[in-house]
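Comments concern the structure below.
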Amino acid sequence: MHRVKNKNMNIKPVREGEELNAVQLKKFLLAHHLISDTTSELEVDQFSNGFSNLTYLLKIEDKEYVLRRPPRAAPKRGHDMGREYTVISNLNKVFDKTPKAHAYTEDKSIIGAPFYIMSKVEGEILTAKEARKRQVTPAEFNTISNTWLETFVAFHNSDYKAAGLENLGRPEGYVERQVTNWGEQYLAAATDEVPAAEKVMVWMQENQPKTYDQTLIHNDFKYDNVVFTSGSWKEITAILDWEMCTLGDPLMDLGTSLGYWTTVTDPAIMKQGLQSPTVMEGNPSRTEIVQQYAIKSGRNIDHLVFYYAYGLFKIAVIAQQIYFRYKNGHTSDPKFAHLNKAAELCCNTAWQAIQKKQIDNLF
């Protein structure tokens, strides 16, 4: 397996300890008619901007594929490759922003974990670094945010039954289960004393909505999980990272996106802890995002603070789980070293929103 450097700043050489078995992988690719010869040279690099599943770029026989696998020592919940493969394989038939999936296996003897192969999506991924590098203007962000939000609403309106995904989740009781499950996951991964975490968990149990719509939800819909069409901010080619897609309350999905949506008026601690292109001039505030979503979707958002607090808490749990794996030596990526502080920040911000009964101007 040959490593090469890539001009794309989000693609790096494979990290030590996260290499792939090239011999076995090429046999798998041949068996699924994705290559014609196992002696072909395989170049492998790793996408570096994610914090969850491990994502690789495969170059072979003038083709480019993406391989997705769970991280080492990760719980299956939230890292179910079979589920992710099923989602994109079926949804691709009815929603054109879904990548094309090619093959999946649970056979751990190939690379040490279940994985699937999909086509590489061409286009622009807008990370914070990429936005600064491009010097994206306020006018461009006005277009970007509108395109992003319209795609979000279109996804929530997609026909999951026509895609054969009606059994993907259990939308009845979804909100209650999520509040309980994320609380349990936080406690299982806790490493530090965070008083706000306990307060937020109790408050969400007591203030959750009882009625809500039922749609497909992505659960990680943000700027760097969509691919904009090259040369245009007016169209999104594909949505990425489907690992947590399910059926449930679309406003829970919106709440998670709001959790990542730091703005230019937020204090430095928020902008540094939750780095996002949304901090640049021209992006709407979180309140404006909610207002625009309500207009575009026709949905009322009566429990705004709950959804935002939930989104922040869920992000806190994800960050804490990754930090837990880092602390216990299951991953060596140095960007994970301070995720416990990011988790604490999310909990503190959620508690501020609850106390102030608003989602902007929290500190």
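Helix 174-189 and the longest principal axis of the C-alpha atoms of the chain enclose an angle of approximately 70°.
Using the Cβ of SER232 as centre and a radius below 15 Å, the other residues enclosed give a net charge of -2, where K and R count +1 and D and E count -1. As a size descriptor, the averaged projected area of the C-alpha convex hull of the stretch 215-353 was calculated at 9.4 nm².
Neighbours of ASP159, meaning other residues whose beta-carbon lies under 15 angstrom from its beta-carbon, give a summed charge of 0 when Lys and Arg score +1 and Asp and Glu score -1. Under the classification rounded if a/c is under 1.5, otherwise prolate if a/b is larger than b/c and oblate if not, where does the stretch 95-204 fall, given a ≥ b ≥ c as square roots of the Cα gyration tensor eigenvalues? Rounded, since a/c falls under 1.5. Ligands, DNA and RNA are left out, and with a 1.4 angstrom probe the accessible area of the chain is 45 Å² per residue.
Helical content alone sets the calculated 222 nm signal of the chain at -13000 deg cm²/dmol, taking -39,500 (n - 2.57) per DSSP H segment of four or more residues and averaging over every residue. If you bin all the Cα-Cα distances of the chain at 10 Å, starting from zero, the percentages per bin are 5, 24, 34, 27, 9, 1, 0. Work out the charge dipole of the chain with +1 on the Cβ of Lys and Arg and -1 on the Cβ of Asp and Glu about the Cα centre, then indicate which of VAL202, GLY273, LEU42 is farthest towards its positive end. It is LEU42. For the stretch 14-164, what class follows from the C-alpha gyration tensor (a ≥ b ≥ c being the square roots of its eigenvalues): rounded when a/c is under 1.5, otherwise prolate if a/b is larger than b/c, else oblate? Because a/c hits 1.5 or more and a/b exceeds b/c, the stretch 14-164 counts as prolate. Relative to the longest principal axis of the Cα atoms of the chain, the long axis of helix 339-356 makes an angle of roughly 30 degrees. Specify whether the C-alpha gyration tensor of the stretch 66-151 places it in the rounded, prolate or oblate class, a ≥ b ≥ c being the square roots of the eigenvalues: rounded for a/c under 1.5, otherwise prolate if a/b is larger than b/c and oblate if not. Prolate shape, in that a/c is at least 1.5 and a/b is the bigger ratio. Pairs exceeding 25 Å between alpha-carbon atoms, taken from LYS314/LYS335; LYS63/LYS234; LYS129/LYS234; LYS161/LYS357; LYS26/LYS93; LYS59/LYS97: LYS63/LYS234; LYS161/LYS357; LYS26/LYS93. Taking Cα atoms only, the orientation of helix 22-31 departs from the longest principal axis of the chain by about 90 degrees. Local charge for GLN24 was computed over the other residues whose Cβ lies under 11 Å away, with Lys and Arg +1 and Asp and Glu -1, and equals +2. Roll a 1.4 angstrom probe over the protein heavy atoms and tell me the percent of accessible area of the stretch 176-270 that is carbon or sulfur. Looking at the stretch 176-270 in its full context, I get 51 percent from C and S. For the stretch 304-358, the normalised intensity computed at q = 0.14, 0.17, 0.25 Å⁻¹ comes to -0.39, -0.53, -0.83 (log10 of I(q)/I(0), Debye sum over alpha carbons, equal scatterers, no solvent).
The values are calculated or read from the model by the stated rules, or taken from the named source; none is laboratory data. A quick note: this is a predicted structure, and the numbers were derived from the prediction, not measured. Neighbour counts run over all protein chains shown; Cβ positions are idealised from the backbone, glycine included. Protein only, heavy atoms only, side chains kept; ligands, DNA and RNA dropped before computing areas. Shrake-Rupley method; radii C 1.70, N 1.55, O 1.52, S 1.80 Å.
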